[in-house]
Number of protein chains: 2
Amino acid sequence: MKFENFLATIRRHAQLTEAEEKRLCSLLTIKTLKRKEFLIRSGEDARHEYFVNKGCLRTYYLDHKGVEHNTYFAVEGYWVSDIYSRTFNAPTLCNIVALEDCELVHISNIALESFLEEVPALERFFRISYQNSLATVHLKQIQLLSMNGMERYHYFRKKYPELDRRIPQKHIASYLGFTPEFFNTIRSKAMRADADTFSDYLGA
Amino acid sequence: MKFENFLATIRRHAQLTEAEEKRLCSLLTIKTLKRKEFLIRSGEDARHEYFVNKGCLRTYYLDHKGVEHNTYFAVEGYWVSDIYSRTFNAPTLCNIVALEDCELVHISNIALESFLEEVPALERFFRISYQNSLATVHLKQIQLLSMNGMERYHYFRKKYPELDRRIPQKHIASYLGFTPEFFNTIRSKAMRADADTFSDYLGA
């Protein structure tokens, strides 16, 4: 069933009745994207929340010098949208583009807000998801202050092996805040060194 | 009443019955802190969620060189805790210290989690709070890429006049990622210039 993964994810934190799940599914549609196709472009309004059934996407900010800064990646089981645009009803600041052919489950913000008012049990799912995201963002902020480039690269590879395998290395470099040249140096060093000698000292 | 501000904040997003509010209040206690006293020290477990009734607090990460990096400020009506420690049951990475004498409402994480299971209506309050925080963090991340130091300083002063007034400027400098020297240069320039000429171009 096309919404099976979506429902399995919801069920991890929220208990909806069968009727509520059926009603939620009636609000969902499937969207497909070809590789390199844009889901959202900066300046647009983010009117939907997306769940990744298949594929891989990249969120990036394009600065005034034309440099792309990656801020987020999404693969199967992840959600993707511009939370800034959605929360503050403002034009989106970022671009979201498919790195592979994608199949997404989507729900409009209006339908989602109205469903949340109707079924408070679903609030729990989003509360826990957002809390986890905030905690992860906080950890990333502290890592920028506490780890050097090599340590952050090793942490990323260990924590997100799936992303490391599927996402072009230049995009990971941008996500970690490296220039491509700095990243090449780090990668060469990492290939020579024994990865086990790098302690994952934040333990997360 | 000592929980009046707390309840007024909750009511902005969640509708609890009178009995539920009464039950919630029975789980709350008041904690006071003197100026310079610590609420949490790094390495401890964050076992409570705090709401500021009165006063002002600063969250910071202390790096291995002994430099403090401010990550968050809280005044009346704000919440404060270490979300990383609370979410992942890990020792806290940061320190939280009182900048003024404080009165805090606090609830233990265990009591809060159990109340949320009992009263899903409260999930809505935290879902919206965390969503707003995530959107704000995302905006700050983009500002670091899109604005120069002067623009970020003006944005902060305009967006948070209360924090600008009450928090020592050296702490604001650390929050904005400036060295004290760089901040002094920027502040002198800002005092000479007409603040109106700096466009708040993210419009938030």
Which of (1) touching a residue at least 24 places away in the same chain (Cβ under 8 Å); (2) under 30 Å from A:Q15 (Cα atoms) is the odd one out, the single condition B:E117 does not satisfy? (1)
Go through segment A:72-87 and report how many residues are of a type outside the set (D, E, K, R), more than 7 Å from chain B (Cβ to nearest Cβ) and crowded, with 17+ Cβ neighbours inside 10 Å. 8
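Yes or no, residue by residue, for (1) at the interface with another protein chain (Cβ under 7 Å from one of its Cβ atoms); (2) within 18 Å of A:P168 (Cβ to Cβ); (3) free of Cβ contacts under 8 Å to residues at least 24 places away in the same chain:
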{"residue": "A:R41", "(1), (2), (3)": "no, no, no"}
{"residue": "A:N70", "(1), (2), (3)": "no, yes, no"}
{"residue": "A:N95", "(1), (2), (3)": "no, yes, no"}
{"residue": "A:A98", "(1), (2), (3)": "no, yes, no"}
{"residue": "A:N109", "(1), (2), (3)": "no, no, no"}
{"residue": "A:S129", "(1), (2), (3)": "no, no, no"}
{"residue": "A:Q141", "(1), (2), (3)": "yes, no, yes"}
Residues in segment B:43-68 that are buried (at least 16 other Cβ atoms within 10 Å of the Cβ), assigned to a loop (DSSP other than H, G, I, E, B) and within 14 Å of chain A (Cβ to nearest Cβ): how many? 1
Quick check, is B:A90 among the hydrophobic types (A, V, I, L, M, F, W, C), within 14 Å of chain A (Cβ to nearest Cβ), surrounded by 20 or more Cβ atoms within 10 Å (Cβ to Cβ) and under 23 Å from A:T136 (Cβ atoms)? no
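Go over the candidates B:R124, B:R152 one by one and state the one that is buried (at least 16 other Cβ atoms within 10 Å of the Cβ), part of a helix (DSSP H, G or I) and free of Cβ contacts under 8 Å to residues at least 40 places away in the same chain. Explain how you work it out, then say what you get.
On the way: B:R124 fails: free of Cβ contacts under 8 Å to residues at least 40 places away in the same chain.
Answer to the check: B:R152.
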Checked segment A:1-29 for anything of a type in the set (S, T, N, Q) and either assigned to a loop (DSSP other than H, G, I, E, B) or touching a Gly at 6+ places or on another chain (Cβ under 8 Å) (or both); matches are A:N5, A:T9, A:Q15, A:T17, A:S26
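Considering only segment A:116-171, state which residues are aromatic (F, W, Y) and at pLDDT below 95.
A:Y153, A:Y155, A:F156, A:Y160
Based on what the data block shows, is B:L116 more than 30 Å from A:L122 (Cβ to Cβ), in contact with a helix residue (DSSP H, G or I) (Cβ under 7 Å, 6 or more places away or on another chain), among the hydrophobic types (A, V, I, L, M, F, W, C) and within 11 Å of chain A (Cβ to nearest Cβ)?
Numbers: more than 30 Å from A:L122 (Cβ to Cβ): no; in contact with a helix residue (DSSP H, G or I) (Cβ under 7 Å, 6 or more places away or on another chain): yes; among the hydrophobic types (A, V, I, L, M, F, W, C): yes; within 11 Å of chain A (Cβ to nearest Cβ): yes.
No.
Only one of A:L99, A:L104, A:L16 is touching a helix residue (DSSP H, G or I) at 6+ places or on another chain (Cβ under 9 Å) and farther than 29 Å from A:T179 by Cβ. Can you tell me which? Working first, answer last.
Numbers: A:L99 fails: farther than 29 Å from A:T179 by Cβ; A:L104 fails: touching a helix residue (DSSP H, G or I) at 6+ places or on another chain (Cβ under 9 Å).
The conditions single out A:L16.
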Checking B:Y160 against (1) under 26 Å from B:F183 (Cβ atoms); (2) within 14 Å of chain A (Cβ to nearest Cβ); (3) under 19 Å from the mean Cα position of the chain (by Cα); (4) not β-branched (V, I, T), only one condition comes out false. Which one? (2)
Does segment A:12-23 contain any residue that is surrounded by fewer than 15 Cβ atoms within 10 Å (Cβ to Cβ), under 21 Å from A:N132 (Cβ atoms) and either away from chain B (no Cβ under 12 Å) or not charged (D, E, K, R) (or both)? yes
Could you go through segment B:69-92 and let me know if any residue there is touching a Gly at 6+ places or on another chain (Cβ under 6 Å) and farther than 27 Å from A:E123 by Cα. yes
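Kindly indicate whether A:R47 is out of contact with any Ser or Thr (no Cβ under 7 Å at 6 or more places or on another chain), touching a residue at least 12 places away in the same chain (Cβ under 8 Å) and either among the charged types (D, E, K, R) or over 19 Å from B:F126 (Cα atoms) (or both).
On the way: out of contact with any Ser or Thr (no Cβ under 7 Å at 6 or more places or on another chain): no; touching a residue at least 12 places away in the same chain (Cβ under 8 Å): yes; either among the charged types (D, E, K, R) or over 19 Å from B:F126 (Cα atoms) (or both): yes.
In short, no.
A quick yes/no check of all residues on (1) more than 23 Å from B:K140 (Cβ to Cβ); (2) within 18 Å of the chain's Cα centre (by Cα); (3) polar (S, T, N, Q):
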position	(1), (2), (3)
A:F73	no, yes, no
A:E100	yes, yes, no
A:A111	yes, no, no
A:P120	yes, no, no
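The values are calculated or read from the model by the stated rules, or taken from the named source; none is laboratory data. Treat the numbers as computed from the prediction; the structure is a model and nothing was measured. As a convention, Cβ positions derive from the backbone with ideal geometry for all residues, glycine included, and neighbour counts pool all protein chains shown.
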